[in-house]
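The values are calculated or read from the model by the stated rules, or taken from the named source; none is laboratory data. What you are looking at is a predicted structure, and each value in this text was computed from that prediction instead of being measured. Quick reminder, even Gly has a Cβ in these numbers, built from the backbone with ideal geometry, and neighbours come from all protein chains shown. For accessibility, only protein heavy atoms count, side chains too; no ligands or nucleic acids. Shrake-Rupley method; radii C 1.70, N 1.55, O 1.52, S 1.80 Å.
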Amino acid sequence: MASITMKGLGKIYPDGTRAVGDVDLEIQNGEFLVLVGPSGCGKSTVLRMIAGLEEISEGEMYIGETLVNDVQPKDRDIAMVFQNYALYPHMTVYDNMAFGLKLRKMDKEDIDRRVKEAAQVLEITDFLDRKPKALSGGQRQRVAMGRAIVREPKAFLMDEPLSNLDAKLRVQMRTELSELHTRLETTTVYVTHDQIEAMTLGHRVAVLKPVSAARPDNLQQVASPTELYQNPTNLFVAGFIGSPAMNMVNAVLEKDATGMYCKFGKERLLVDDTALARHPGLAEWVGKDIVMGIRPGNFEATSVTGPAPDRTITATVTVAEILGSETFVHFELHIPPVVTPDIEELLADTGADVSSLGDTTKFTARVSSDVAVALGEEVTVTVDTAKMHFFDPHTGNRIGS
């Protein structure tokens, strides 16, 4: 096992296109770190630079204490698991797993021991004599992981290994991957665009966004899943992490003798003391435009709680998605826009609809399915004002970060 350290890492292709810019990241020995972001953000390029499959244009890459910028892939002692399994169809599972070790001319007994131990860990011992065509998608992915495990490398690199599996199998494989890492404790770098994978698997998650001329750096925030969710560093992270995405609205802060309020359209919400503590310096924004964020899960239907008016929003339901255990209630409010070009770019990179901060601001509330909600009905929802988020409308950065 080994740590992986990147200092000012960058990738510029011969035509001048920048894919990665100024990535500083230290992955601890034995850590499971997830690189997550939308398509084109450079996460797979970073992984390939760790593997040595992409030349490093800028900065330094260390595996352990060794500078590996000019070290060949075969000499880096890492193992990769790809999205498409990459199994040899004419070989048995055993031979697929043993092939790399045979190329290294390892002793047959040692090869047999490693293959059988990995097969036992992955619960594929009964499939060792089968060909890949006789296996399910999940079993093939286990074989691909087994081929990496037998190498006993310093680090595992995984490039969207579950993306070809169906939804049910992805959930199962996520659990198995997590259990596997607990057993092996090998440094793992895992690339995905699926934030659920990122949040459930990673000890820490590194959020990347596509580079641009105005913002040449990819890396936005590196933190535990809980920290990313509760304290996103900017609008990009806030909009990307969480499903459904965080609701964002242009607002103005007001203050009177009873407290501080967040006003947008006809709504006026009391800012809870907990939210004030999480955003030091927020008082300096009184009378100024801000962007307020609230997650869909921080709403409740008022028939459940019956709160004070300064913690509620009343609107007409435009869509009601009943999912069994919960309901997603969609509604809109008319709010004058104060969208800046920077915010438009930040939101566009997340894949969010930039119009969410336009004249008609769209909201999603996750409420209990016990509350009946119908299309076109006027509904009043409670906002947990202790969990409001506040951002600078010009830079997109979290206020008080």
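Does L35 satisfy the condition of being on the phi < 0 side of the Ramachandran plot, touching a helix residue (DSSP H, G or I) at 6+ places or on another chain (Cβ under 8 Å) and part of a strand (DSSP E or B)?
yes
Condition test on P232, is it closer than 25 Å to P161 by Cβ and in a loop (DSSP other than H, G, I, E, B)? Before the answer, list the steps.
Working: closer than 25 Å to P161 by Cβ: no; in a loop (DSSP other than H, G, I, E, B): yes.
For P232, the condition - closer than 25 Å to P161 by Cβ and in a loop (DSSP other than H, G, I, E, B) - is not met.
Kindly evaluate R130 against the criterion of being assigned to a helix (DSSP H, G or I) and surrounded by 13 or more Cβ atoms within 10 Å (Cβ to Cβ).
no
For the list (1) assigned to a helix (DSSP H, G or I); (2) crowded, with 16+ Cβ neighbours inside 10 Å, I need the number of the one condition that L165 fails.
Condition (1) is where L165 drops out.
Do you know which residues across the range 33-87 are closer than 16 Å to S3 by Cβ and among the hydroxyl-bearing types (S, T, Y)?
Listed by number, the residues that qualify are Y62, T66.
Search the range 23-56 for residues being of a type outside the set (A, V, I, L, M, F, W, C) and surrounded by fewer than 16 Cβ atoms within 10 Å (Cβ to Cβ), and hand back the single one that is farthest from V237 (Cα to Cα).
Filtering the range 23-56 for residues of a type outside the set (A, V, I, L, M, F, W, C) gives 24, 26, 28-31, 37-40, 42-45, 48, 52, 54-55.
Right, trim to surrounded by fewer than 16 Cβ atoms within 10 Å (Cβ to Cβ) and you get 24, 26, 28-29, 39-40, 55.
Working: D24: 17, E26: 20, Q28: 23, N29: 26, S39: 15, G40: 16, E55: 28 Å.
Looking at the filtered set, the residue picked out is E55.
Can you tell me which residue is nearest to S224 (Cα to Cα) among those in the range 241-289 that are assigned to a helix (DSSP H, G or I) and open to solvent by 20 Å² or more (accessible area, probe 1.4 Å)?
In this case the residue turns out to be R278.
Which one of G100, G138 is in contact with a Lys or Arg (Cβ under 8 Å, 6 or more places away or on another chain) and part of a helix (DSSP H, G or I)?
Just one listed residue meets the conditions, G100.
Identify the residue in the range 67-97 that is part of a strand (DSSP E or B) and modelled with pLDDT under 95 and, among all such residues, is most open to solvent (accessible area, probe 1.4 Å). If you could, list the steps in order and put the result at the bottom.
Taking the range 67-97 first, the residues part of a strand (DSSP E or B) are 67, 78-81.
Now drop any that are not modelled with pLDDT under 95, which leaves 78-81.
Values: I78: 15, A79: 2, M80: 36, V81: 2 Å².
Looking at the filtered set, the residue picked out is M80.
Residue check: is M173 in a helix (DSSP H, G or I), touching a Leu at 6+ places or on another chain (Cβ under 7 Å) and of a type outside the set (S, T, Y)? Give the derivation first.
Working: in a helix (DSSP H, G or I): yes; touching a Leu at 6+ places or on another chain (Cβ under 7 Å): yes; of a type outside the set (S, T, Y): yes.
Here the answer is yes, as M173 does meet what is asked.
Based on what the data block shows, is K131 basic (K, R) and at positive phi?
no
Going through E300, E321 one at a time, which residue ends up being part of a strand (DSSP E or B), under 22 Å from G376 (Cα atoms) and touching a Phe, Trp or Tyr at 6+ places or on another chain (Cβ under 8 Å)? Break it down stepwise before answering.
Working: E300 fails: touching a Phe, Trp or Tyr at 6+ places or on another chain (Cβ under 8 Å).
Unique residue meeting the criteria: E321.
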